[in-house]
Amino acid sequence: MAMETVFHTPNPILFGSGSAKMTGKKLKEFGCTKIMVVYDQGIKAAGIADKVIASIEEAGLEVITFDEVIADPPDWSVEKAGILAINEGVDGVVGLGGGSSMDTAKGVKLLIKNPPPLRQYFGRTGVVTVPSVPLIVIPTTAGTGSECTPGGTITNTELGIKTNIAGVGCAVNLGIVDPELTLGLPKYVTATTGLDAFCHCFESYTSAMANSLSTILGREGIRLVGKYLVAAYEDGSNLEAREGMMLAATLGGMAMSGPFCHLCHDIGRSLGAKFHVPHGHGCSVTLPQVLQAIAPAQPEKVKYITECLGTEVPEGATGEEIGALAYQAASDLLRKVNLPGMAALGLKKEELLEKVPDEVVMQVEMEIKGFGGIAPPPMPVTKELVADIVSRAYDENNWG
């Protein structure tokens, strides 16, 4: 029986192809009159922003835009958008894009009713905020699951780390999940965001804090990624595959809101904050090694993951044997989607080993303290373990 923990599914979700056309109608139902739409230059260039803005304007609402979203959004950029929203008197916010756009929009909502600076509101728990204006988030990638989560991830530029904002001040009022918006995604973005979704699902499923609901959601998300990621990567216009991946991403966002993620994300956060590796790429670049490392602690769950990735596991296989098969299955997946390894990204192994293990262990120690003596990783995390995972991934995952 899975451990019971507090489980959050805070955000209403509107899911389905074509649902983005209802953005204006939904904002009107919330009573909004002047909207800030938050996105980046890639969304602008793809023409997606124009379509959503048209839907809002057709509903008779005024629109202003912030199109300067930066990856791993730094606090100063979020504050710039928030101050613009305050000065313009907006009464509704739309975040359109990947996780960075949605997290920036959450920060904008927060700042409209909770005055800057943003750093006052960093932290998952114990931060007091007041309710703010309605927020709709619309993912254009099948990965982050940010439409389902109760907070956002912001880069604290003073400390050079990724941190969280959470609570009622930045809560999502509605997530609109429209698989059609992902039809034009480039292959690299399809791969890295899809692998991010996979990591959300498998890390929640194998977390030491997993519960009954996260287990159900994580299992289905893992199955969907195994079935559809390569198909979506190989044919970006395959709507069935895009819908499958969008559902996996949404399930992953729900699954991780109780157990939280562990090693792949702990390492990925460090790679993002210290070395500017894109989030989904950073989280998945050690995937084969992490699955192998956790298999002895979670043999049945890692067996299921391995089988979903298309590799048969013999009856009676030991945890170590399951780990070896999981390693191969995950390596095959990364190879099929041409995910570049850390060496190909120009990273230096010595610099990685100097910073990443310390940071991951510090993160886990903070979780143990914050969660009353338990942390998400399914086994004890030491600097030696993290160094071994990073070192092996650097040497072994070299394709793409």
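Filtered by the rule that a residue be farther than 23 Å from Phe260 by Cβ and either surrounded by fewer than 21 Cβ atoms within 10 Å (Cβ to Cβ) or in contact with an Asp or Glu (Cβ under 8 Å, 6 or more places away or on another chain) (or both), the stretch 113-131 gives Lys113, Pro115, Pro116, Pro117, Gln120, Val130, Pro131.
Restricting attention to the stretch 147-158 and to residues that are at pLDDT 85 or above and not acidic (Asp, Glu), the residue that is nearest to Arg119 (Cα to Cα) turns out to be Asn156. As a summary of the residue check, Pro378 satisfies the conditions (1) in contact (Cβ under 8 Å) with a residue 60 or more places away in the chain; (2) part of a helix (DSSP H, G or I) except for the one numbered (2). Exactly one residue out of Ala241, Ala232, Ala249 is crowded, with 24+ Cβ neighbours inside 10 Å, in contact with a Phe, Trp or Tyr (Cβ under 7 Å, 6 or more places away or on another chain), farther than 18 Å from Thr163 by Cβ and not β-branched (Val, Ile, Thr), and it is Ala241. Residues that are surrounded by fewer than 23 Cβ atoms within 10 Å (Cβ to Cβ), at least 3 per element: which helices (runs of 4 or more DSSP H) completely within the stretch 271-323 meet that? Because the criterion is at least 3 residues that are surrounded by fewer than 23 Cβ atoms within 10 Å (Cβ to Cβ), the helices (runs of 4 or more DSSP H) in the stretch 271-323 that meet it are 299-308. Filtering Ile136, Ile216, Ile161 for residues that are farther than 17 Å from Ser101 by Cβ and touching a residue at least 24 places away in the same chain (Cβ under 8 Å) leaves a single hit, Ile161. Considering only the stretch 312-319, I want to know if a residue exists there that is without any contact (Cβ under 8 Å) to a residue 60 or more places away in the chain and among the polar types (S, T, N, Q). There is at least one residue in the stretch 312-319 that is without any contact (Cβ under 8 Å) to a residue 60 or more places away in the chain and among the polar types (S, T, N, Q).
If you filter the stretch 159-172 down to residues that are out of contact with any Gly (no Cβ under 9 Å at 6 or more places or on another chain) and either modelled with pLDDT of 90 or more or within 21 Å of Lys51 (Cα to Cα) (or both), you find that the one that is surrounded by the most Cβ atoms within 10 Å (Cβ to Cβ) is Gly169. The listed residues are Ala208, Ala171, and the only one of them that is more than 30 Å from Gly236 (Cα to Cα), out of contact with any helix residue (DSSP H, G or I) (no Cβ under 7 Å at 6 or more places or on another chain) and not assigned by TED's automatic domain parsing to the domain that holds Val337 turns out to be Ala171.
The values are calculated or read from the model by the stated rules, or taken from the named source; none is laboratory data. Note that the structure is a prediction, hence the values are computed from the model and not measured. Positions of Cβ are backbone-derived with ideal geometry, glycine not excepted, and every protein chain shown enters the neighbour counts.
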